[in-house]
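Please read the structure below before turning to the comments.
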Amino acid sequence: MKKLFILCLALVILALHTPLAMAETVTIDTKVVEVDESEMIKLASQEKFDNLTTVMKKLVQLNISTEENIVELEKISIIDFEYGEGAKIRIYYQIN
C-alpha cells in the first residue's frame with residue numbers, strides 16, 4: 001500500500017510539471033516609433049478618426065512607409081504606447 005501511495009504521488013508530481021516542460025516561450029516582434037505629441041494633435045485635427053488606436057496606426061504608417069513601400073493600416077497592430085521625455089510618444093506596434 002505504501003509503494004502504491006509513493007507511485008501515485010510521483011505520478012501526480014510528474015503530471016504537474018509536464019505542462020511547464022512542454023511550454024514554449026512565445027516572443028512578440030514589436031517595433032517602436034517615437035513621435036511628437038504635436039504630430040498626433042495635428043493629424044487628429046486634419047482627419048476624422050473613430051478612436052485613438054486609429055490615430056496611432058496612421059502615425060505609425062506615416063513614419064514607416066516609403067514611396068516604394070506603403071504599409072496598409074489593416075496590417076498594423078498597436079501593442080502599447082507611453083509618454084517619453086518632453087512631448088514624445090512612443091508607440092509600440094507589430095506588422096501582421
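What FRET efficiency comes out for the pair Gln94/Asp50, r = Cβ-Cβ distance, R0 = 25 Å, nearest 0.05? Can you show the working numbers first?
Details: r = 20 Å, r/R0 = 0.81.
With a Förster radius of 25 Å, E is 0.80.
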ask   = Lysine pairs in the chain 8 or more apart or on different chains: how many have alpha carbons under 23 angstrom apart?
value = 15
inquiry  = Can you compute the label reach from Ser38? Point 7 Å from Cα along the Cβ direction, backbone N cut-off under 15 Å, restricted to segment 69-96.
reply    = 86-89
query = Computed from these coordinates, which is Cα Rg over 2.2 N^0.38 Å: (i) 1.91; (ii) 1.06; (iii) 1.12?
reply = (i)
key: Ranked list, fewest to most other Cβ atoms within 10 Å of each Cβ, for Ser45, Ser77   = Ser45, Ser77
note = Residues Leu9, Leu62 in order from fewest to most other beta-carbon atoms within 10 Å are Leu9, Leu62
ask   = Which of rounded, prolate, oblate describes segment 42-81, given a ≥ b ≥ c as roots of the alpha-carbon gyration tensor eigenvalues and a/c under 1.5 marking rounded, otherwise prolate only if a/b is larger than b/c?
value = oblate
message = Along the charge dipole of segment 25-69, pointing to its positive end and built from +1/-1 on Cβ of Lys, Arg, Asp and Glu, which listed residue (Leu62, Ala44, Thr30) has its Cα farthest out?
response = Ala44
request  = For every other residue with a beta carbon closer than 12 angstrom to the beta carbon of Thr54, add +1 if it is Lys or Arg and -1 if Asp or Glu, then tell me the sum.
outcome  = 0
task = Neighbouring Cβ atoms within 10 Å as the yardstick, rank Thr54, Thr30, Thr66 fewest first.
result = Thr66, Thr30, Thr54
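Hey, what number do you get for the chain at 222 nm if only DSSP H runs of n ≥ 4 count, each worth -39500 (n - 2.57), divided across all residues, to the nearest 500? It would help to have the intermediate numbers written out before the result.
Numbers: 3 runs with 44 residues, N = 96.
One gets -15000 deg cm²/dmol as the mean residue ellipticity at 222 nm.
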ask   = To the nearest 20 debye, what is the magnitude of the charge dipole of segment 31-95 about its Cα centre, counting +1 on the Cβ of each Lys and Arg and -1 on the Cβ of each Asp and Glu?
value = 100
request  = Please identify, among Val35, Val12, Val60, the residue showing maximal mean-square fluctuation in a Gaussian network model of the chain using a 10 angstrom Cα cutoff.
outcome  = Val12
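A short reminder: the numbers here are calculations on the coordinates, not readings from a lab. Small disclaimer: the values here were computed from a predicted structure and weren't measured. Note: ideal-geometry Cβ built from the backbone for every residue, glycine included; neighbour counts use all protein chains shown.
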